[in-house]
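Enquirer: Pasting a structure below so you can have a look.
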Amino acid sequence: MGWPFIGETLEFLSPHRSNSIGTFLQQRCSRYGKVFKSHLFGSPAIVSCDNEFNMFILQNEGKLFQASYPKAMQGILGQYSLLIVSGEHHRKLRGIAVSFSAMSKSSPVFHSRIEKLAFSMFESWRGRREISFLEEMKKFTLSLMVKTVLSIDPEEPVAMRFLQDFRTYMKGFISLPLNVPGSAYAKAVKARARLSRTVKEIIKQREMTTTTPAPARTCSNDGNCGDGITTTSSGEENGDFLEVILSKHSSIRQMNDDEKVSSVLDIVLGGYETTSTLISLIVYFLHRSPAALLAFKEEHEAIRRNKGKGQPLGWEDYQKMDFTRNVTKEAVRCGNLVKFLHRKALQDVEFKGHLIPRGWKVLPVLAGPNLDPSLHHDHLQFNPWRWTEDKEIGKKTMGYGGGPRVCPGSDLAKVMVAFFLHHLVLTYRWKVKEDEYPIAYPYVEFRNGLQVEIEPVESHV
């Protein structure tokens with residue numbers, strides 16, 4: 001059970017290549033099996049790398065198990081975050097996120113935003129031979145989510161402040177939970193408070209514009225627009241997320257301001273962090289698999305040949321991207337965006353002879369089934385074709401969680417990824433530096449930020 005209080009937490013969180021489960025889990029599974037006990041995050045815990053048991057845990061959310069994240073994370077996320085709340089409260093907030101994702105994924109306005117920001121990013125790469133790809137993707141996805149959620153353009157003063165505060169907020173997730181002045185955690189807590197004030201002010205102004213015409217916006221030459229909060233759009237014509245949570249639907253009308261703020265930050269967080277990492281993982285794995293890259297490029301060249309010059313992508317184009325979706329799913333399986341989840345047992349639970357005492361933490365390790373050699377042929381090989389060859393593979397992987405808490409925005413993220421990569425593969429050739437690889441901290445980063453050499457190809461738009 002390790003050291004007092006900290007147990008084996010440091011070993012469990014020890015960085016390792018994300019396309020492996022790491023030395024700690026390899027040794028424990030080899031010695032004790034795929035389900036074993038430990039002491040993690042200040043509590044006795046059951047750790048599972050077993051696919052069947054993981055599914056059992058996630059499918060019994062709210063019945064036998066419940067989300068239980070460390071208090072330090074709650075201090076950053078807020079009490080109304082989707083990751084924290086449970087029961088009916090979770091169902092209500094999750095339903096709002098799912099509805100927005102379903103509405104946006106096929107929206108021409110959303111598609112246009114992706115392409116516009118992608119072209120802007122490619123233009124900024126003009127004349128550059130090497131880029132820090134993950135950092136570029138974080139800029140892209142954060143700008144896209146702020147525009148999609150709040151109808152704020154990246155160049156607006158409020159957007160610049162929001163982006164800066166959000167990145168400080170994100171650093172708190174990967175810091176020691178020391179709430180002392182100057183620490184990354186303390187800065188993240190303060191950044192979260194500033195983000196909350198900013199979102200509340202935007203909500204207040206949006207509510208005013210629904211009844212009162214917005215006053216003309218006056219900005220000085222240096223870009224100062226007064227308080228810097230006013231946005232370029234009421235959001236109504238753009239169908240942003242704020243419009244959804246300010247609608248008159250009964251379940252949404254009952255939300256308080258703090259719930260609305262948490263919903264906004266949850267959507268931005270989900271679309272920013274995991275999506276930027278996923279795009280980076282795909283670029284990394286495609287570079288290491290020339291056959292997959294060739295098939296990927298051929299699919300997008302075929303789609304582009306059927307489009308008129310300058311014609312934007314649409315939902316019907318996404319539906320043709322079968323191989324792209326397989327590449328995405330295989331990158332999730334190999335790269336393991338989310339290594340594990342936090343749960344606790346609500347009562348004594350018995351499963352296959354294992355007794356999980358009430359109140360113990362339960363950590364389903366999603367990377368376990370994803371990289372299980374008994375479930376996947378050549379389990380460490382990046383092979384997008386396995387998703388058409390193995391009809392049961394969907395039951396043997398856990399890329400986006402499972403059960404009532406499966407990621408509500410995964411379909412929206414897949415569209416973002418596919419549309420961006422469509423233009424990337426037809427605009428640039430890339431070469432990943434040899435010493436690059438993804439690392440689980442447990443969040444996924446790259447050894448050197450994914451340094452990529454780029455070379456433009458002929459224009460396709």
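Enquirer: Could you calculate the contour length gain from residue 254 to residue 306, that is, 0.36 nm times the residue separation minus the distance between their Cα atoms, to one decimal place in nm?
Expert: Fully extending the segment from residue 254 to residue 306 adds 14.0 nm.
Enquirer: Same structure again: Could you pull out the trypsin sites (Lys or Arg not before Pro) across segment 302-350 that fall in loop regions by DSSP (anything but H, G, I, E, B) with no more than 10 other Cβ atoms inside 10 Å?
Expert: 309
Enquirer: Still on this structure, I have one more. Roughly how many percent of the accessible protein surface of the chain is carbon and sulfur, given a 1.4 Å probe and a whole-percent answer?
Expert: 53
Enquirer: Mind checking segment 1-51 for chymotrypsin sites (Phe, Trp or Tyr not before Pro) that DSSP puts in a loop (not H, G, I, E or B) and that have at most 13 other Cβ atoms within 10 Å?
Expert: Within segment 1-51, the qualifying chymotrypsin sites (Phe, Trp or Tyr not before Pro) (loop, at most 13 other Cβ atoms within 10 Å) are 5.
Enquirer: Working from the alpha-carbon coordinates of the chain, get Rg over Rh, Rh being the Kirkwood radius.
Expert: 0.96
Enquirer: Any idea what the dipole of segment 1-81 comes to, in debye rounded to 20, about its Cα centre with Lys/Arg Cβ at +1 and Asp/Glu Cβ at -1?
Expert: That gives segment 1-81 a dipole magnitude of about 80 debye.
Enquirer: Jot down the radius of gyration and Dmax of segment 304-461, Cα atoms only, both in angstrom.
Expert: Final numbers for Rg and Dmax: 19.4, 63 Å.
Enquirer: If I take R0 = 35 Å and measure r between the Cβ atoms of residue 32 and residue 431 in this structure, what FRET efficiency does the formula 1/(1 + (r/R0)^6) give, to the nearest 0.05?
Expert: 0.25
Enquirer: List, in the order given, every pair from 34/431; 92/187; 105/395; 260/320 whose Cα-Cα distance in the structure shown is over 28 Å.
Expert: Flagged as over cut-off: 34/431; 92/187; 260/320.
Enquirer: Next up: Given only helices, namely DSSP H runs of n ≥ 4 each adding -39500 (n - 2.57), what is the per-residue ellipticity at 222 nm of the chain, to the nearest 500 deg cm²/dmol?
Expert: Only helices count here, giving -14500 deg cm²/dmol.
Enquirer: So for the chain, averaging the separation of alpha carbon pairs under 8 Å that are six or more residues apart and normalising by length, what relative contact order in percent results?
Expert: Relative contact order, the chain: 26 percent.
Enquirer: On to the next question. Name the long-range amide H neighbours of residue 428: under 5 Å, sequence gap of 5 or more, or other chain; modelled H, no Pro or chain starts.
Expert: Counting only residues 5 or more places away or on other chains, the set is 457.
Enquirer: With every protein chain present, what is the per residue accessible area of segment 354-413 (1.4 Å probe, Å²)?
Expert: 46
Enquirer: In addition: Any number yet on Rg/Rh for segment 279-394, C-alpha, Kirkwood?
Expert: 1.14
Enquirer: Which FRET efficiency, nearest 0.05, do residue 52 and residue 74 yield, Cβ-Cβ r, R0 30 Å?
Expert: Plugging the Cβ-Cβ distance into 1/(1 + (r/R0)^6) gives 0.50.
Enquirer: Counting other C-beta atoms within 10 Å, and keeping those with at most 10, which DSSP coil chymotrypsin sites (Phe, Trp or Tyr not before Pro) do you find in segment 331-418?
Expert: When the chymotrypsin sites (Phe, Trp or Tyr not before Pro) of segment 331-418 are filtered for loop state and at most 10 Cβ neighbours within 10 Å, nothing remains.
Enquirer: If you don't mind, another one. Which helices, taking whole DSSP H runs in the chain, have alpha carbons extending 30 angstrom or more along the helix axis plus mean Kyte-Doolittle at least 0.5?
Expert: none
Enquirer: Sorted from largest down, what three extents in whole angstroms do the Cα atoms of segment 57-124 have along their principal axes?
Expert: 50, 27, 20
Enquirer: Then there is this: Among DSSP bridges having both ends in the chain, what percentage is antiparallel? Round to the nearest 5.
Expert: Antiparallel bridges: around 85 percent, rounded to the nearest 5.
The values are calculated or read from the model by the stated rules, or taken from the named source; none is laboratory data. Predicted model, so just to flag it, every value in this text is computed and none were measured. When we count neighbours, we look across all protein chains shown, and the Cβ atoms used for this are built from the backbone with ideal geometry, even at glycine. Areas reflect the complete protein model, heavy atoms only, side chains present, ligands, DNA and RNA absent. Shrake-Rupley method; radii C 1.70, N 1.55, O 1.52, S 1.80 Å.
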